[in-house]
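Coordinate-derived values only; no laboratory data. Quantities reported herein were computed from a predicted structural model and do not represent experimental measurements. Every residue, glycine among them, receives a Cβ derived from its backbone with ideal geometry; neighbour counts consider all protein chains shown.
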């Protein structure tokens with residue numbers, strides 16, 4: 001994560017990472033290009049009513065913008081690749097999974113609910129596309145069917161001001177379908193609606209973690225707790241958990257939780273210039289939850 | 001902790017807790033009394049340039065002010081008595097001490113020894129805000145304690161470099177500690193003659209005046225640094241750690257640390273109208289750190 005100390009620095013990085021020109025940005029904000037120049041040089045701040053607009057345009061969490069768009073900025077860590085911020089060097093890394101495990105039953109928030117609106121789907125897909133290895137996102141119908149059959153693991157999270165802050169999307173699929181992904185005969189964006197199954201009637205269901213994300217450690221804790229609680233209470237322990245991800249900060253977490261790396265795609269990594277290789281994990285949380 | 005959703009609410013509480021009139025506050029800010037009234041009614045916001053001044057006048061952490069001084073606030077938890085804020089329900093309670101222990105070697109550059117008069121002023125300001133008039137506020141004693149025991153007299157700064165918390169320890173003579181323990185000597189009456197080089201005492205007494213931080217992340221750094229001293233310093237392992245505290249949020253942590261409650265003073269609690277009684281804990285951290 002990078003430590004930002006001014007709003008100008010943040011805007012410059014945003015433009016560079018998204019290959020947006022100053023003219024493009026000016027038209028998104030509907031301001032003169034000289035205004036953008038002044039923001040980037042920290043000669044003027046955004047008017048506070050423009051902060052909300054900046055969240056919409058840049059998809060940067062509101063807390064980051066609030067902290068930096070100030071005469072005396074509050075330095076804040078942010079990583080565009082994983083859309084995560086941190087107010088302290090301490091929370092740049094993911095939270096301790098064992099601490100979450102011991103407390104999981106008491107961790108609840110009213111800021112979380114099942115995905116349902118069109119606007120929810122748009123936020124979720126926008127966030128998924130931040131990840132470099134996802135070239136084409138899965139379609140909305142697929143997510144809606146997954147919500148229908150597995151509402152416990154398909155939810156969206158908002159921050160205390162009501163802005164989108166994270167989500168969790170799991171696809172319940174059959175072993176047969178999963179094997180095709182595992183031996184690379186299909187890619188995950190080729191999963192079709194009729195391959196989403198009712199996991200309750202399946203002997204060995206696969207819970208395919210399509211995408212989990214949150215904008216800061218506190219919100220990540222809410223998501224992980226909800227996921228662990230679900231698997232802890234699931235009567236059928238003969239399930240497979242699987243996920244295909246490219247986050248650079250989850251290696252240790254996955255090791256602690258006891259899931260196995262099946263393959264990683266170094267070629268794709270170098271093509272995408274991503275920090276970590278896109279990789280497939282597989283496992284089951286039963287042992288981890290028992291200890 | 002109380003959840004604040006507007007800057008007006010925060011200012012109203014600041015005034016009532018500190019028994020200040022709108023006139024008093026207006027003169028501190030050097031504004032018209034009608035301005036204070038409009039702030040409190042959320043009719044106008046403070047100009048961003050005034051936020052720093054507000055942090056100075058009210059001693060409220062800048063992060064709280066930044067989150068609330070906008071028409072689109074980020075609701076934030078704050079406790080005036082503890083001078084602690086939290087951005088999420090999860091961090092309203094103190095952090096898990098075992099997690100701190102595990103990450104004790106986490107590098108941080110936010111901790112430094114208490115050095116300047118300004119540092120001492122912050123500590124006294126904090127102490128006076130606690131409503132617990134049992135605490136020692138003699139600058140002479142504090143300065144001497146810092147000279148004798150720089151390892152445990154520390155300041156933690158926030159990302160802007162401002163005061164965010166501290167740890168203040170008095171190395172007491174054995175005689176002085178016994179007087180405190182037997183409630184013959186009140187902490188506020190400790191003088192220079194009660195302090196000594198801990199290496200010359202058998203056993204050494206590390207008497208904690210106060211340890212605090214404005215949010216859990218900074219608590220982590222300050223507690224971690226203190227525990228690191230007890231773990232690594234060449235110490236007589238029969239040392240005595242002691243603290244008189246009236247914090248209401250530290251019961252669990254003291255239990256986890258394995259320190260014993262020696263007495264609690266219900267009479268003082270009633271007299272000072274405190275949430276919980278001032279109480280003396282004693283012990284050492286050998287067991288906790290070896291586990």
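So the values come out like this:
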{"item": "Averaged over B:251-259, number of beta-carbon atoms from partner chains that fall within 10 Å", "result": "0"}
{"item": "Protection-proxy order for peptides A:93-103, B:91-101, B:212-222, each taking the mean of Cβ atoms within 10 Å per residue, highest first", "result": "B:212-222, B:91-101, A:93-103"}
{"item": "Inter-chain Cβ neighbour average for residues B:85-92, partner chain, 10 Å", "result": "5"}
{"item": "Segment A:2-80 - Rg over Rh from alpha carbon coordinates, Kirkwood radius", "result": "0.91"}
{"item": "Computed E for residue A:270/residue A:126 - FRET, C-beta separation, R0 30 angstrom, nearest 0.05", "result": "0.70"}
{"item": "Isotropically averaged projected area of the protein assembly as shown, using the convex hull of Cα atoms (one quarter of hull area), nm²", "result": "29.3"}
{"item": "Most fluctuating residue given options A:76, A:160, A:91, as computed from a GNM of chain A linking Cα atoms under 10 Å", "result": "A:160"}
{"item": "Nearest-ten-degree value, helix B:117-129 long axis tilted from longest Cα axis of chain B", "result": "80"}
{"item": "Computed [θ] at 222 nm, deg cm²/dmol, chain A (DSSP H ≥ 4; -39,500 (n - 2.57); rounded to nearest 500)", "result": "-11000 deg cm²/dmol"}
{"item": "Extension gain (nm, one decimal) between residue B:38 and residue B:117, 0.36 nm per residue minus Cα-Cα", "result": "24.8 nm"}
{"item": "Which of A:135, A:165 has the fewest Cβ neighbours within 10 Å, and the rest in rising order", "result": "A:135, A:165"}
{"item": "Packing-based exposure ordering (other Cβ within 10 Å, fewest first) of A:159, A:32", "result": "A:32, A:159"}
{"item": "P(r), alpha carbons of segment B:169-291 - 5 Å bins starting at zero, rounded %", "result": "2, 10, 19, 23, 21, 16, 7, 2, 0"}
{"item": "Kirkwood hydrodynamic radius (C-alpha pairs) into Stokes-Einstein, segment A:94-290, 25 °C and 0.890 mPa s, D in µm²/s", "result": "144"}
{"item": "10 Å Cβ neighbours from other chains, averaged over peptide B:47-60", "result": "1"}
{"item": "Solvent-free Debye scattering, log10 I(q)/I(0), computed from the Cα coordinates of segment B:213-285 at q = 0.20, 0.25 Å⁻¹", "result": "-0.96, -1.20"}
{"item": "Square roots of 5 times each gyration tensor eigenvalue, C-alpha, segment B:2-80, largest first, Å", "result": "17, 14, 12"}
{"item": "Over chain B: helical MRE at 222 nm, DSSP H runs n ≥ 4 each giving -39500 (n - 2.57), nearest 500", "result": "-11000 deg cm²/dmol"}
{"item": "Rg to Rh quotient for chain B, alpha carbon positions, Kirkwood Rh", "result": "0.98"}
{"item": "Two-site FRET efficiency, residue B:197 against residue A:52, from Cβ-Cβ distance with R₀ of 51 Å, rounded to 0.05", "result": "0.30"}
{"item": "Choice from A:227, A:169, A:267 with maximal GNM fluctuation in chain A (Cα, 10 Å cutoff)", "result": "A:267"}
{"item": "Relative contact order computed over chain B (Cα-Cα under 8 Å; 6+ residues apart), in percent", "result": "15"}
{"item": "Highest-MSF residue in chain B out of B:158, B:13, B:30 [GNM, Cα springs under 10 Å]", "result": "B:30"}
{"item": "Segments B:224-233, A:242-251 sorted - mean Cβ within 10 Å per residue, highest first", "result": "A:242-251, B:224-233"}
